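The values are calculated or read from the model by the stated rules, or taken from the named source; none is laboratory data. These numbers come from a predicted model, not from an experiment. Heads up, the Cβs are rebuilt from the backbone with ideal geometry, glycines too, and the neighbour counts pull from every protein chain shown.
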Amino acid sequence: MDRTDVEQVTQASGLDVAVDPWIPVTMVDGTSRRYGLRGLLVDAHLIESLAVTMPPAECAILRILYALALRGAGLAALDVDDRYDLLEQGSFDPAVVDAYFARYSDRFRLFDPVRPWLQEPRLPSQMDVRVEKGRRKGQLDRKSSGVGKLAWGRASATSSAWFGAFHDGAPVPVPGPAAALNLLAWLWYGQGGPQGPNRRTQRHDLRHASVGPLRGLVSYHPTGRNLFETMVLGIPETDVVPVPGTDLAPWERDEPADPDGELPVAEGPVTLLTARAQHALLLVPSEDRAEASDVYIAWAWPSSLPAVSDPYLNWLEGSKGQQYAQRADVARAVFRDLDGLVLHTAPGSVQRRPLIMDAIHDVPVEVLDHVAVVAYGFEQSREKAGGEVGWYRAATPPVLRLIREEEKANAGRLAAARERAELCARRLEWAANSVWQDTAAPADEDDKGPTPWSKRALTAYWPRAEAAFWTLLDTRAWDEAANVFGRIAVDVYDQVMREVVNADLPRTVRAVVQHRGKVASTLTKTTSSKPKETE
């Protein structure tokens, strides 16, 4: 469809993500508002943080904002001096921001019939097929995916719903702002494998897609006192300035990327941040273009894109020297990874901290002293379709002052405190498992792995341990770490045993007392481990 043929249609193209208010935020004065992408840049210094209730989508928006921040600063790439100067400046120039969005004013419409934002307009022609037989011969057989597949949390096909009684037999349209958030979640966290009908191009006829670039992973982002600082701190550095005209966001390209061409590589920070999707989607608008009533979902590239070092991932090294990104875990407290984020190499670990932490090492001290870390995780299976466990957003207090060289000693003590917390957790798990095996385990149960009582104990332990860890970090009372976590572990053990154990059975009581020593041994001799009178 030529642009001249759809002038009237584009007058009602639905949500314009650049100017329409669709992203919830918290202002520095504590109030709540909604913004489009342009407004986020112009008022970034007045906004405290994003307030998106869908962490995967918020993480994707942050990555888009980093790229837009570069453009809003009039830069192709960023070095140490540029970052320092921007933070000193304190806000973006509205004239530069307006000029950028004016240049691409027709590229940010969610339901635009020619260039819908971050979507593939050719999917209907590549996925619809003509019926060859029967009364419908010659008609198009529509091969869309159904709006239930777009919305994370809804049922689609044989999958289960998370948050409502939705089903494919009675599809419920998704409002424009929510459709945009779900679109972003698909592009960054979409499942691999068959996506339904084949997508047919001149060179390929395929159903399978590779997994989204962040699927199943946890992404760590520095966050400042306001959204402007957060955006500037999050822009990754590159070794070379990109060649003009190559490092383009999808909406900056004159034509959509060719799936039959060469696999794209990261040409610079903007392509690294915005052009790594493995899925192609097209939202089908409702009649009034206010909602998404259907969706096409297919592969974007016939194979996985060339690997890159994502600057926000925590990189681990396997026993054979292979690198892999840290997986998301909804049950894992964020403080357990903190020393790996602030130290170049955590003691006793081969972990490599996210590259963004190296990039912000030399920002102004008055900024760095207030910088925290936000972890965005979505626990999913990367190996098979489905397998969504849950998503989370976890924030630390301002801790990144610890990446400064003069804070190296405190960063090392932080690592020792984390190790002590994990030791106490292992002892607590061991003791609770032992009591279960001695008193409650079925005769045919395998004695390996967690038991109901150890799971219950660890669920109670980790939130208390995390609160204690932040207190230690604030007071720098590192010498108290051994007993702080030991006392928490003993208290949790006593509490859980009182709740689950039948005190009328002498054998059970003996098991509780006998195995309590496994936990109490974490305490120093100056702290009493005498059982409470109630026991």
Going by what's in this entry, would Asp337 be described as of a type in the set (D, E, K, R) and part of a loop (DSSP other than H, G, I, E, B)? no
State which residue pairs qualify: first residue farther than 28 Å from Val513 by Cα and inside segment 464-491, second residue surrounded by fewer than 21 Cβ atoms within 10 Å (Cβ to Cβ) in any location, beta carbons under 6 Å apart, and separation of 6 or more residues or different chains. Trp470/Pro397; Trp478/Arg413
Per the filter on segment 276-299, residues out of contact with any Gly (no Cβ under 8 Å at 6 or more places or on another chain), buried (at least 22 other Cβ atoms within 10 Å of the Cβ) and of a type in the set (Gly, Ala, Ser) are Ala280
All-but-one check, Asp16 against (1) charged (D, E, K, R); (2) touching a helix residue (DSSP H, G or I) at 6+ places or on another chain (Cβ under 9 Å); (3) at pLDDT 95 or above, failing number (2)
Residues satisfying the stated conditions in segment 29-49, i.e. loosely packed, with under 15 Cβ neighbours inside 10 Å and in contact with a strand residue (DSSP E or B) (Cβ under 7 Å, 6 or more places away or on another chain): Ser32, Arg34
Give me the pairs: first residue in segment 319-336 and free of Cβ contacts under 8 Å to residues at least 40 places away in the same chain and more than 22 Å from Trp470 (Cα to Cα), second residue outside any loop (DSSP other than H, G, I, E, B) and not basic (Lys, Arg), beta-carbon distance under 9 Å, and six or more apart or on different chains, which are they? Gln323/Trp315; Gln323/Leu316; Gln323/Glu317; Tyr324/Trp315; Tyr324/Leu316; Tyr324/Glu317
Just to be sure I understand the filter: pairs with C-beta atoms under 9 Å, separated by 6 or more residues or on different chains, first member in segment 60-84 and on the phi > 0 side of the Ramachandran plot, second member aromatic (Phe, Trp, Tyr) and part of a helix (DSSP H, G or I). Which pairs pass? Gly74/Tyr100
Given the conditions (1) surrounded by fewer than 17 Cβ atoms within 10 Å (Cβ to Cβ); (2) touching a Ser or Thr at 6+ places or on another chain (Cβ under 6 Å), report the number of the one that Pro259 does not fulfil. (1)
Hits in segment 267-311 - residues which are outside any loop (DSSP other than H, G, I, E, B), touching a residue at least 60 places away in the same chain (Cβ under 8 Å) and under 21 Å from Gln323 (Cα atoms): Leu273
The number of residues in segment 478-521 that are of a type in the set (S, T, N, Q) and modelled with pLDDT of 90 or more is 4
Got a sec? Which of Gly449, Gly412 is in a loop (DSSP other than H, G, I, E, B) and among the small types (Gly, Ala, Ser)? Gly449
